[in-house]
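K.L.:
My questions all concern the structure below.
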Amino acid sequence: MTGTRLRIAVVGAGASGALLAVHLLRQKALAGAVTLIERGAEFGRGAAYSSPNPAHTLNVLAHMMGGEAEADVDGFVRWLAPRQGTTPEAIRNDYPARWQYGDYLQHLLARAERDRPGVLNRRRGEVLEIESAGSPAYRLRLADGDSIGADVVALCLGNLDPAPFLPQGAPRCIDDPWRPGALARVDQQDRLLVIGTGLTMVDTVLDLLARGHTGPMIAVSRHGRLPKEDALSAAYREDR
């Protein structure tokens with residue numbers, strides 16, 4: 001399809017899908033139309049950058065999180081600095097809240113959309129099936145019964161929903177702590193067992209503490225180790 005302005009469908013509008021759409025919109029010779037499909041509430045956030053809790057921070061230094069690679073390496077810190085009333089140099093080695101990075105991704109997507117009006121189609125819905133077709137090459141079937149034709153399909157699905165740990169309907173088991181309202185059922189004095197000691201455990205505990213949780217919390221895993229600290233941060237601070 002060299003030289004053809006393609007119809008491209010991007011399934012999933014979290015960080016990966018949104019950034020892919022941003023870069024596609026710049027490829028004027030490639031993308032004739034880009035349909036960005038998202039089943040969630042917002043475009044450009046996904047599960048990773050939807051948390052409103054300021055204790056949920058990035059685990060990568062701010063100056064390494066530019067969303068446009070070589071084109072704008074320091075884009076995130078230059079975008080964030082005036083919103084915090086400071087300079088990019090002052091926050092390059094910070095770990096900002098993840099919701100702030102979600103705002104930045106939404107900014108990039110909206111700016112790219114303004115630069116090429118009429119090319120991006122934001123479509124809210126859930127893709128259930130992708131079929132091979134003649135022309136266009138693929139047809140995406142959505143849960144609402146609609147369908148979308150595309151020459152190229154990009155799957156930017158992020159982390160899939162976790163499998164149920166206990167039989168469905170277990171009232172005291174939370175299989176997905178990221179589901180909106182999932183932790184609301186935990187009383188402040190409840191004894192809590194967290195299975196796993198990775199980053200999701202850290203986020204869950206921070207979220208509960210922000211809600212005023214005072215009951216004991218026990219985290220277990222096969223190895224019993226906590227996530228390692230970012231060893232690069234001290235080195236970067238010393239260099240600067």
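The values are calculated or read from the model by the stated rules, or taken from the named source; none is laboratory data. Note that the structure is a prediction, hence the values are computed from the model and not measured. No Cβ is skipped: glycine too gets one built from the backbone with ideal geometry, and neighbour counts run over all protein chains shown. Only protein heavy atoms, including side chains, enter the accessible area calculation; ligands, DNA and RNA are left aside. Shrake-Rupley method; radii C 1.70, N 1.55, O 1.52, S 1.80 Å.
K.L.:
Going highest first, how would you order 52-65, 111-124 by mean Cβ packing within 10 Å?
P.N.:
Numbers: 52-65: 16.4, 111-124: 14.9.
Listed from highest to lowest mean packing, they are 52-65, 111-124.
K.L.:
Right, next: With N residues in the range 49-96, what two-decimal value do you get for its Cα radius of gyration over 2.2 N^0.38 Å?
P.N.:
1.12
K.L.:
How many percent of DSSP beta bridges within the range 89-240 run antiparallel, rounded to 5?
P.N.:
70 percent
K.L.:
State, to one decimal in nm, how far the label point of residue 29 lies from the label point of residue 42, with both points 7 Å from Cα in the Cβ direction.
P.N.:
3.7 nm
K.L.:
Tell me the per residue accessible area of the range 100-219 using a 1.4 Å probe; a whole number in Å² is fine.
P.N.:
Value for the range 100-219: 61 Å² per residue.
K.L.:
Along the range 103-118, what does the Karplus equation 6.51 cos²θ - 1.76 cosθ + 1.60 (θ = phi - 60°) give for ³J(HN,Hα), rounded to whole Hz, x for Gly and Pro?
P.N.:
4, 5, 4, 5, 4, 4, 5, 5, 5, 5, 5, 5, 5, 10, x, x
K.L.:
OK, next. Taking N as the number of residues in the chain, what value does Rg over Cα atoms divided by 2.2 N^0.38 Å take?
P.N.:
Against the compact-globule rule of thumb, the ratio is 1.18.
K.L.:
Of the residues 47, 143, 110, which exhibits the maximal mean-square fluctuation in a Gaussian network model of the chain defined by a 10 Å Cα contact cut-off?
P.N.:
Comparing 47, 143, 110 in a Gaussian network model of the chain, the most mobile one is 143.
K.L.:
Wrap a convex hull around the Cα atoms of the range 71-110, take a quarter of its surface area, and give that in square nanometres.
P.N.:
2.9 nm²
K.L.:
With a 1.4 Å probe and all protein chains in place, put 155, 160 in order of accessible area, largest first.
P.N.:
The ordering from most to least exposed comes out as 160, 155.
K.L.:
Assuming 0.36 nm per residue, please report the length gained on full extension of the stretch residue 64 to residue 163 beyond their Cα-Cα distance.
P.N.:
32.4 nm
K.L.:
Let me ask something else about it. When the helix-only estimate is applied to the chain (DSSP H runs of n ≥ 4, each -39,500 (n - 2.57), divided by the residue count), what is the mean residue ellipticity at 222 nm, nearest 500 deg cm²/dmol?
P.N.:
Rounded to the nearest 500, the figure is -8000 deg cm²/dmol.
K.L.:
Also, quick follow-up: Would you mind putting 177-190, 32-45 in packing order, based on average other-beta-carbon counts within 10 Å, highest first?
P.N.:
32-45, 177-190
K.L.:
Taking all protein chains as present, what is the carbon and sulfur share of the accessible area of the range 1-123, in % to the nearest whole number, probe 1.4 Å?
P.N.:
53 percent
K.L.:
Roughly how many nanometres apart are two label points built 7 Å out from the Cα toward the Cβ at residue 190 and residue 223?
P.N.:
2.9 nm
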